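Down below is the structure, laid out as structure tokens.
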Amino acid sequence: MTFEPEHELENELEYELDTAQEADLEAEALQVLLKSGLIGPDSSIIEDVRASADPVQNVRDYSLESQVEEIGAQILARASEHKIQPSLERVVACLELLGRPQDTFRAIHITGTNGKTSTSRMIEALLREHGLRTGRFTSPHLNSVRERITINGKAISPAAFIETWEDVAPVIELVDARSQAAGGPRMSFFEVFTVMALSAFSMAPIDVAVIEVGIGGTWDATNVLEADVAVLMPVALDHEKWLGSSVAAIATEKLGILYPGKTLVSAAQEPEVMEVIAQKAQECAANVYVAKRDFQLLGREQAVGGQLLTVQTPSAVYEDVPLAMYGKYQGENASVALTAVETFFGGGALAGEVVEHALMSTSSPGRLEVVKASPVVIVDAAHNPAGAKVTVEALEENFPGPRVAVFSAMADKDVETVLVELEPAFHAVVVTQMPGERAMDIDDLAEIAGDIFGQDRLYIEPDLGNAIATAADLAETADPEAIAPASVVVLGSIMLAAAARELLGARRPDGA
């Protein structure tokens, strides 16, 4: 008879015990999963659970995300802001019933045509680097509705999203009923998300919120707070049907977020917009800081993964600040963000290490974002002529090799002018189809693109995955002697950028 050493016997017993416990956990997790109704045609979820370090928690996460998706779908099924009469009455009524959560924190409010989300992210990072508890409300989302509401730089957790919905849902139902009884509409999906964000920020709690408008300003659902600092990004023609047919009319609507005695920080604007700013500032007795007059981007150098900036603000010159984003326009956005945060704190320079850490860590998913390295695939949310123009400038500077565009757009966009801006920068264009009633039909897209690019540079592929593959083949064979690598650029719609990111396995924004 042989005896195993005592320590070996103990190890074997511990191993058997651990194995039994793991089997029990897996059995419990799979039982939860089967009861949840989450398993559909794709049974790979079971394998994900078995492979996870904590199978029970993994199933709970699946269950929570499923509830978030269900709630999100209910909210998104409501009418858009475009389809109901402009009014703050419904949002105000909800917030009054909830105890005015918007009064529990300070705010920076951002409007404009392009650059809102990237600048919001920079501002929030700068505030958070100062030790403040922050909330950020932006739209639209790329992959999860939770991205719209971030707390301390992270997308609101599934549990907190569900809890917030359960808190506000009875109030929304009551306000809906009152509105419909008076012959009005239910709350729009953006109004609901706004109420949820402000409520979630109050419950977190936070010190300061960075709030991005949905559309416009005066009648935007977010215009229920008087922010300390209003930020106006570049104003261009977009949403003319709802905001006006001139940049002056659009600026007038957007500047509705500026209140008496507050501060406006503005990106560089066209002369017509500057006239509107001057008039509004006088009416509100507001302090005004405008790019290229009161602050500016002094210089920039290309760097790996982004650029180094030198920015002059009203209070300081920040030199060699690393920004992990491409394009001169992002440098200009950074100058707006720095000035906005300086004024939020009452003026004075920000600490150099704070600025460096904040901007170095800031990203903006879906904005000139490299999501695949070989071949290089870039996704960009440019969807109007002004956005297309700055995207082309950034591509020429940072990705000089042969480029092929994968393009789709919403039917209400100025597709022809966008494609005119893009045409000189691309070897060819592959038009594809997006889902949804707002998406332009691929045949209509192809007709417009063919007129601009020529039939010999036009390719049609309804499936996005096949469209990207086709574009990659075209880009890599466009110029065999090219030194710089070829690239595929997916652009024309935020929804298209989101679909491409999901398809190519890009990391979800803010940990959503």
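The values are calculated or read from the model by the stated rules, or taken from the named source; none is laboratory data. Bear in mind the structure is a predicted one, so any value in this text is a computation, not a measurement. Glycine gets a Cβ as well: all are built from the backbone with ideal geometry, and neighbour counts include every protein chain shown. Side chains included, ligands, DNA and RNA excluded: accessible areas come from the protein's heavy atoms. Shrake-Rupley method; radii C 1.70, N 1.55, O 1.52, S 1.80 Å.
For this structure, a couple of remarks:
- When the C-alpha to C-alpha distance is required to be over 21 Å, the pairs from K328/K413; K116/K389; K292/K413; K116/K413 that qualify are K328/K413; K292/K413.
- Between the alpha-carbon centres of the range 113-161 and the range 172-197 there is a gap of 24 Å.
- Extending 7 Å from Cα along the Cβ direction at R438 and again at A482 yields two label points whose distance is 3.2 nm.
- Long hydrophobic helices in the chain, taken as whole DSSP H segments with a C-alpha length of 18 Å or more on their own axis and mean Kyte-Doolittle hydropathy at least -1.0: 6-36, 55-76, 116-129, 158-181, 189-203, 271-284, 328-344, 385-398, 464-478.
- According to the Cα-based calculation, Rg over Rh for the range 59-209 is 0.96, with Rh computed by the Kirkwood formula.
- Ranking T150, T164, Q180 by Cα position along the charge dipole of the range 139-180, where only Lys, Arg, Asp and Glu carry charges on their C-beta atoms, puts T150 farthest toward the positive end.
- Share of carbon and sulfur in the accessible area of the chain stands at 50%, probe radius 1.4 Å.
- Residue-normalised accessible area of the range 88-220, expressed per residue, 1.4 Å probe, Å²: 33
- The range 122-205: relative contact order as a whole-number percent, Cα under 8 Å and 6+ apart: 23
- Cα gyration tensor shape of the range 358-512, rounded if a/c is under 1.5, else prolate or oblate by comparing a/b with b/c: rounded
- Kirkwood Rh, Cα atoms: Rg over Rh of the range 461-502: 1.04
- In the range 394-442, the GluC sites (Glu not before Pro) that fall in loop regions by DSSP, at most 15 other Cβ within 10 Å: E437
- Assigned charges on the beta-carbon of Lys, Arg, Asp, Glu; the chain dipole about Cα centre (debye): 2280
- The sum of -39500 (n - 2.57) across all DSSP H runs of n ≥ 4, divided by the residue count of the chain, sets its helix-only mean residue ellipticity at 222 nm to -15000 deg cm²/dmol.
- Cα lying deepest toward the dipole's positive end in the chain, options A506, V341, V247, charges on Cβ: V247
- In this structure the range 407-455 gives 44 Å² per residue of accessible area when probed at 1.4 Å with all protein chains present.
- The value of relative contact order for the chain, using C-alpha pairs under 8 Å at least six residues apart, is 14 percent.
- Looking at the chain alone, DSSP beta bridges between its own residues are antiparallel in about 35 percent of cases.
- Taken over the range 268-322, the convex hull of the Cα atoms encloses 95 Å³ per residue.
- Amide H to amide H distances under 5 Å link V288 with L264, where only residues 5 or more positions off or on other chains count and H is placed in the peptide plane.
- Residue (of G387, V91, V288) at the positive-pole extreme of the chain, dipole from beta-carbon charges: V288
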